[in-house]
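Quick notes on the structure that follows.
Computed from the coordinates by the stated procedures, all read-outs in this text should not be read as laboratory data. All figures in this text were calculated on a predicted structure; none of them were measured in a lab. As a convention, Cβ positions derive from the backbone with ideal geometry for all residues, glycine included, and neighbour counts pool all protein chains shown.
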Amino acid sequence: MNQADKIVENLGKKKNKTIVTNLLSSSQCHICHEILNIPIMLSCGHNYCYMCLKSWFKTNENRLLGCPDCRKSVDVTPAFNLFLDHQLKFILNLVKEKGVDSKWDQTLSEREQDEAIYKNDVAKDMLFANVFKNSTLSVVDMDDDGIPRCGNCHWELDPDDMDEEENVCPHCHYRIRNNVAPADSENVMSGSVRSIANDLRRRAEEYSEGEYDDIIDDIRRYSDSDLESGVDDYISHEDSANRNMSLHDNEAIDEDANSKSENEDELEEEHDSEMDSFIENDEEDNDEEIMDSEDEPSSMSRKRKYSVLDDDEENQINNDANSSEQDSDFYEHNEDEGFVSGDSLDDGSDNEVAQNDQEMDEAESENEEDVSSRKRSRRGQVVLSDDE
Amino acid sequence: MASLPKRIIKETERLVSDPVPGITAEPHDDNLRYFEVTIEGPAGSPYENGIFQLELYLPDDYPMEAPKVRFLTKIYHPNIDRLGRICLDVLKTNWSPALQIRTVLLSIQALLASPNPNDPLANDVAEDWIKNEEGAKNKAREWTQLYATKK
């Protein structure tokens, strides 16, 4: 007899009935007052029917969405509660087997219809009437005077401008999923770390697998080592599309973080000053970015990405005077530590190209190996047949 | 007219079988979305002993949209205007589909117990309330006597 059977036996019929009654009554959707159908759970733990949530979100499309029960802002896309769904389906099927009246049959067929709609929405990637698409979180950078910014285009968001009816970025028109508030506590920061991670996950397709994992690792490292300000700098890097640059920065910081753990006290101060120099540089980037975005009618980060890459290439070819100036400045700050230098930033794309080439070579050699091993096995067959 | 959603039927049944103390709500025979409501003035408030009549209408989008509620009985209250319209957050921006007819009516009863002159709808009443609270409460008592008491 397994554990579950034992428990059921010990409880007796009456208590088991109470359990089922309790489960069913607590599984009522607070929106339609029926037993939950396709239960969807919000981050606060409250569950609602998919169809109920969908229509609640849809009637509040551009607003700050909140949990119907506790009003916690719905800043992450709610998820299907598979466990609860299994439990409820199990009980409802038992009822079905017993035979029910026509009213029940109608209820069950309605549930099936809603489930078909849900499955269709999943298949067509249009869950919740797309209210979570073209949406983002407001992020706050402590080194930017704690001003809340749009997580998509980094436009400055004024909490007073956020209308009750429209919680949207005035620049890129993305819906802001959380409450726009200036930073006044450390909680805001930890929230922004989470939000950045979420936004990155959504944009994961823009990165190759390795790159994405590196970024997530870096974010974790930052948030663990209380260098959260770095994350926001980092995200501005990401948005201003200096992808090569930011990746290389972080590789260097990785090394640094490792050495820090070895000799923490000694290196702490130096590390801070390095961060400062980076932040300064990042602020310049931010300014540039804002000017860029003012000229552009909509967010075109991808396009910008390419143009920046092109610039980098030009820099390499022409040895642009301005950039080399900035680079040497950078170098002065960091050369003692063997930290990544400005020059190597430009080399970044070079390195990447080289890396890519290497990868290609590897892939080719793998192919060659494959072919040769196949040849070998064929040879083996030949030998065998010879033996025969 | 589209058939009545199950939720409205359930709520109506429960309002009858398990009524809220001091509140009655009955659907109209011709239109099951239209309710005739009475609320007793809360004890200890200037509205004590008054019985206030209200109308409540469930819009087509209910429960995604808040019910529309209006006082039919004249009342001297900083958050209720001459037309009986009510200034209450849950009836406007803070509506949630997890709220119900009964919770809305309870909120209105609570509003009678604690008027909020700092967020007024009837400006003249609110001004009176801030300048001379005792006088305003006396006037509210008078109006309750005049308009909200069965003779």
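Show which lysines lie in cross-link reach of residue B:6 when reach means a straight Cα distance below 16 angstrom and same-chain residues fewer than eight apart are skipped.
List returned: A:103.
Roughly how many nanometres apart are two label points built 7 Å out from the Cα toward the Cβ at residue B:119 and residue A:76?
Once both label points are built, they end up 3.1 nm from each other.
Can you list the lysines whose alpha carbon sits under 16 Å from that of residue B:150, skipping same-chain ones fewer than 8 residues off?
Candidates past the 8-residue exclusion: B:74.
Write out the trypsin sites (Lys or Arg not before Pro) in region B:66-104 meeting two conditions: DSSP loop, and at most 13 other Cβ atoms within 10 Å of their Cβ. Numbers along the way, then the final one.
On the way: sites: B:68, B:70, B:74, B:82, B:85, B:92, B:102; in loops: B:74, B:82, B:92.
The qualifying sites are B:82, B:92.
Angle, helix B:101-113 long axis vs. longest principal axis of chain B, Cα atoms, 0 to 90°, nearest 10?
0
Considering every residue in B:55-68, what mean count of other chain Cβ atoms within 10 Å of its Cβ is obtained?
Working: counts 0, 0, 0, 0, 0, 0, 2, 0, 8, 8, 1, 0, 0, 0.
The per-residue average across the peptide is 1.
Show me, for region A:117-128, the HN-Hα J-couplings you get by feeding each phi into the Karplus relation (A = 6.51, B = -1.76, C = 1.60, θ = phi - 60°), rounded to Hz, glycine and proline as x.
For region A:117-128, the Karplus-derived couplings read 4, 4, 4, 5, 5, 5, 4, 8, 6, 9, 4, 6 Hz, x marking Gly and Pro.
Using R₀ = 22 Å, calculate the FRET efficiency as 1/(1 + (r/R₀)^6) where r is the Cβ-Cβ separation of residue A:13 and residue A:97; round to 0.05.
Details: r = 19 Å, r/R0 = 0.85.
In this case the efficiency is close to 0.70.
Please report A:80, A:90 as a ranked list, fewest other C-beta atoms within 10 angstrom at the top and most at the bottom. Intermediate values should be presented prior to the final figure.
Details: A:80 15, A:90 9.
The fewest-first ordering by Cβ neighbours comes to A:90, A:80.
Under Stokes-Einstein, with the Kirkwood radius over Cα pairs standing in for Rh, what whole-number D in µm²/s applies to region B:13-151 at 37 °C and 0.692 mPa s? Intermediate results must be reported in sequence, preceding the final value.
On the way: Rh = 15.4 Å.
The calculation lands on 213 µm²/s.
What is the ratio of the Cα radius of gyration of region B:81-151 to 2.2 N^0.38 Å, with N the residue count, to two decimals? Intermediate values should be presented prior to the final figure.
Values: Rg = 13.8 Å, N = 71, 2.2 N^0.38 = 11.1 Å.
Normalised Rg, Cα atoms only: 1.24.
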